Amino acid sequence: MLVTGASSGIGRALCLRLAAERGDHLVLLARAPGPLDEVADRCRAAGAASAEVCPADVLDQAALERAVGATVARLGGIDAVVHSAGVVAYGRFDQVPAEVWNRVLETNVLGAANLARAVLPEMRARDSGTLVLLGSVIGQIAVPNMSAYMVSKWALHALGRELQLDNRDRSGVRVSMVALGSVDTPIYAQAANYLGRQGRPPPPVYSADRVARRLVGVLDHPSKRVNIGVANRAMRLGFSLTPGLFDALVGPLFGTVASGRATAPETTGNVLQPQPELEDVAGGHGYGVRAIATDLATGALSGVQRVLGRG
Ligand SMILES: NC(=O)c1ccc[n+]([C@@H]2O[C@H](COP(=O)([O-])OP(=O)(O)OC[C@H]3O[C@@H](n4cnc5c(N)ncnc54)[C@H](OP(=O)(O)O)[C@@H]3O)[C@@H](O)[C@H]2O)c1
């Protein structure tokens with residue numbers, strides 16, 4: 001089992017669950033070696049048959065091919081690959097520097113293509129293997145101030161659909177495209193930010209481990225399209241059936257629920273370089289409701305104070 005983005009969030013939770021539940025052989029891939037080593041140690045302690053680390057950028061095609069080659073030589077093949085590596089940038093399109101915007105797209109789309117290029121020949125040769133791509137409901141709708149991420153997830157969904165068509169001649173090769181709603185991981189704090197306010201997951205928010213549990217089910221019974229998020233369907237319906245209303249509401253709604261009131265400094269986040277000190281399973285957002293309630297209460301209070309002050 002090869003997992004990209006294994007050092008943080010969903011990838012990390014999935015490795016720990018695969019180790020504990022199934023005792024799998026695991027290959028853990030991400031850029032920063034420190035958190036990968038830590039997760040590998042935990043996986044071994046939890047019951048993994050083996051846990052190899054592969055510190056690599058998904059944009060490094062040769063490194064991905066070396067990782068796949070070494071795994072096949074050691075274990076005889078790769079049963080499944082879960083692509084969880086991904087990065088985010090917040091900010092209006094014209095505010096996000098081109099280097100950051102482009103790298104989000106490259107990491108999320110070309111990284112997935114590189115990985116597919118590295119693993120599919122071996123899976124096709126054995127007519128066996130599952131590739132799971134982690135997309136987002138944002139790859140099926142439109143939201144403001146996340147243009148690079150949104151375009152990347154639309155493209156990832158297109159890539160996943162194309163890989164499904166291209167591999168119809170190998171019934172043992174499965175490509176599963178997963179659309180996730182909000183998940184409590186460090187990705188929001190890790191994001192590049194040109195918005196002035198920190199991003200956060202809008203409710204309903206799932207834990208990374210809850211998503212990992214669903215992903216184990218996807219690995220056992222791969223299906224082409226998987227949705228994990230109770231509000232995904234409603235958002236997709238609103239986007240496609242009532243586009244005018246959707247456009248009018250999504251800005252104010254997203255502004256309230258998907259970003260905090262507190263100011264946030266400009267940062268390239270983990271887009272250009274990893275920030276290993278922020279990597280963990282959870283992002284500390286819980287169900288995502290408390291922060292919104294606090295912001296609304298603070299807003300109401302300062303409104304009352306303004307009115308009283310004027311009086
Ligand atoms: N959290 C959510 O609400 C949510 C919602 C929808 C979809 N998703 C998707 O789910 C996936 C996992 O997200 P997450 O929330 O678990 O994020 P996360 O906690 O920030 O983890 C991202 C992982 O990707 C790795 N990574 C980033 N850039 C990389 C690169 N160039 N090469 C190799 N590894 C790289 C990171 O490690 P290094 O930085 O050390 O490389 C880290 O291990 C992403 O594709 C994300 O878009 C998440």
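The values are calculated or read from the model by the stated rules, or taken from the named source; none is laboratory data. None of these values were measured; they are calculated from a predicted model. Note that we place each Cβ from the backbone using ideal geometry, even for glycine, and neighbour counts take in every protein chain shown.
Can you name every residue in segment 81-93 that is within 16 Å of the ligand (Cβ to nearest atom) and either small (Gly, Ala, Ser) or in a helix (DSSP H, G or I) (or both)?
Hits for segment 81-93 are SER84, ALA85, GLY86, ALA89.
Conditions (1) more than 30 Å from GLU38 (Cα to Cα); (2) of a type in the set (S, T, N, Q), marked per residue:
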| residue | (1), (2) |
| --- | --- |
| THR242 | yes, yes |
| PHE246 | yes, no |
| PHE254 | yes, no |
| ALA264 | no, no |
| GLY269 | no, no |
| GLY288 | no, no |
| THR294 | yes, yes |
| LEU308 | yes, no |
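Does segment 236-264 hold any residues that are at pLDDT 95 or above and assigned to a loop (DSSP other than H, G, I, E, B), and which are they?
Result: THR242, single match.
Output the residue which, of all residues in segment 249-265 that are farther than 20 Å from VAL143 by Cβ and not β-branched (Val, Ile, Thr), is surrounded by the most Cβ atoms within 10 Å (Cβ to Cβ).
Looking at residues that are farther than 20 Å from VAL143 by Cβ and not β-branched (Val, Ile, Thr), I get ALA262.
Name the residues in segment 25-65 that are surrounded by 22 or more Cβ atoms within 10 Å (Cβ to Cβ), part of a loop (DSSP other than H, G, I, E, B) and more than 14 Å from the ligand (Cβ to nearest atom), would you?
Hit for segment 25-65 is ALA48, nothing else.
Out of SER182, SER240, SER259, report the one residue that is on the phi < 0 side of the Ramachandran plot and within 12 Å of the ligand (Cβ to nearest atom).
Of SER182, SER240, SER259, the one residue that is on the phi < 0 side of the Ramachandran plot and within 12 Å of the ligand (Cβ to nearest atom) is SER182.
Can you confirm whether segment 66-79 contains a residue that is of a type in the set (D, E, K, R), within 15 Å of the ligand (Cβ to nearest atom) and touching a helix residue (DSSP H, G or I) at 6+ places or on another chain (Cβ under 8 Å)?
no
Across segment 1-24, what is the total count of residues that are small (Gly, Ala, Ser), assigned to a loop (DSSP other than H, G, I, E, B) and more than 7 Å from the ligand (Cβ to nearest atom)?
Total satisfying the criteria: 1.
Quickly run through segment 194-243 and pick out the residues that are basic (Lys, Arg) and in contact (Cβ under 8 Å) with a residue 60 or more places away in the chain.
ARG197, ARG200, ARG213, LYS224, ARG236
Scan ASP220, ASP184, ASP209 and give me the residue that is surrounded by fewer than 23 Cβ atoms within 10 Å (Cβ to Cβ), under 15 Å from the mean Cα position of the chain (by Cα) and under 29 Å from GLY23 (Cα atoms).
Only one candidate passes the filter, namely ASP209.
All but one of (1) outside any helix (DSSP H, G or I); (2) in contact with a strand residue (DSSP E or B) (Cβ under 8 Å, 6 or more places away or on another chain); (3) of a type in the set (Val, Ile, Thr) hold for VAL218; state the number of the condition that does not hold.
(1)
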